[in-house]
Amino acid sequence: MKVAVIGAGGFVGSRVAGILAGDPAIELSLLDRLAFPHPESPRVKAVVGDFADPAVRQKALDGANKVILLAAILGGAAEADYALARRVNVDATLGLFEFLRERAPGTRLVFASTIAVYSEPLPDPVTDATALGPTMVYGAQKLMMEVALSNFAVRGWLDGVSLRPSGVMSRDGADAALKTAFMSRLFWCVKRGENIVLPIAPESRTWLTSIETVARNFIHAAMLPEIGPDRAFTLPALSLTFAELVAALKRRFPNSSSRVAFAPEPEIVALFGRYPHLETATADRLGFLRDETADVLVERALS
């Protein structure tokens, strides 16, 4: 079996690559735009280049029967540069779908979508039947690709599935330009005994998942024998208030001197603090993993 991971130098991609590299039955091809650390093994090939380039695609995907596509221009960066976001999130992504359809029809393609595809305001709870209607450029572009990939699957061109992960915790040194960076910083500040002021309220609720769980869920999607008719769905996540998250971190690090303060900013609360409860029946039925409790989330996120 040969698995290709596109975006293998990223936070999720590097963890996916590390897990897959430990399986002696898998030949692994890793692709990212810039040079990136990767597992050293004769079964692992690292390719540096732009996945929009047909020659790079050919080199990275040759012989792969499973492809995990994680490369994208995310959230705020997509809002700030529409042209770049379109080139990557739409043109290059659709080009990859078509490349595989022509050269390797039936390939299992696992596409990283986003919970930003949902319309607002969100109902309580959000389920697999909740209406979609993104307001952000990023969410709109991801939804376009969800529709395209589902259509490719119906036609038998690709065996594709789109997964919508929630906030993935917790990246040490998360880019401060990301509006969600404060979430990851919270984990590491409590662990290191550093103070932090959160731009959110204690009762604000969000959806979180650990890096370990989300990485294994993308691999699970690649390996599932059958997916069924639902080709785009949200992955399991914990619906937590920030007060509950801070309490779990304090239980994990009871001797931490970190002081956590709250200074809510209306824009941040509106974007990341008004999530309802979440039900993920499709993902649960297909055996996708979840972080069962806040304490499990903290342990896995910092592992």
Can you grab the distance from the C-alpha centre of the range 12-55 to the C-alpha centre of the range 130-160, Å, no decimals? 25 Å
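Work out which trypsin sites (Lys or Arg not before Pro) in the chain are exposed loop sites (DSSP not H, G, I, E or B, at most 13 other Cβ within 10 Å) and give the longest gap free of them. Write out the running numbers ahead of the final one.
Details: sites that count: 155, 259.
Longest run free of exposed loop sites: 1-154.
Nearest 0.05, what FRET efficiency do residue 35 and residue 284 give at R0 = 41 Å with Cβ-Cβ as r? Numbers along the way, then the final one.
Working: r = 39 Å, r/R0 = 0.94.
It comes out at approximately 0.60.
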Quick one: which residues, 5 or more positions from residue 234 or on another chain, have an amide H under 5 Å from its amide H? H modelled 1.01 Å from N in the peptide plane, none for Pro or chain starts. 164
In the Gaussian network model of the chain, springs joining C-alpha atoms below 10 Å, which of 210, 256, 170 carries the largest mean-square fluctuation? 256
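Among the listed pairs 142/179; 66/142; 2/191, which have their C-alpha atoms separated by more than 28 angstrom in this model? Present the calculation step by step, with values, prior to reporting the outcome.
Working: 142/179 19 Å; 66/142 20 Å; 2/191 38 Å.
Over 28 Å Cα-Cα: 2/191.
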Where does helix 181-192 land angle-wise versus the long Cα axis of the chain, in degrees 0 to 90, nearest 10? 60 degrees
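Normalised radius of gyration for the chain, please: alpha carbon Rg relative to 2.2 N^0.38 Å, two decimal places.
Working: Rg = 19.0 Å, N = 303, 2.2 N^0.38 = 19.3 Å.
So the chain has a normalised radius of gyration of 0.98.
May I ask you to derive the relative contact order of the chain, considering only C-alpha pairs under 8 Å and at least 6 residues apart, and to give it as an integer percent? Write out the running numbers ahead of the final one.
Numbers: 603 pairs, mean separation 52.5, N = 303.
Dividing the mean separation by the residue count of the chain yields 17 percent.
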Once amide H atoms are built 1.01 Å from N in the peptide plane, which residues 5 or more positions from residue 29, or in another chain, come under 5 Å H to H? 3, 4, 5, 45
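Every number in this text was worked out from the coordinates using simple rules, so none of it is lab data. Computed from a predicted model, the values in this text were never measured in an experiment. Because the Cβ atoms are built from the backbone with ideal geometry, glycine has one as well, and the counts that use them run over all protein chains shown.
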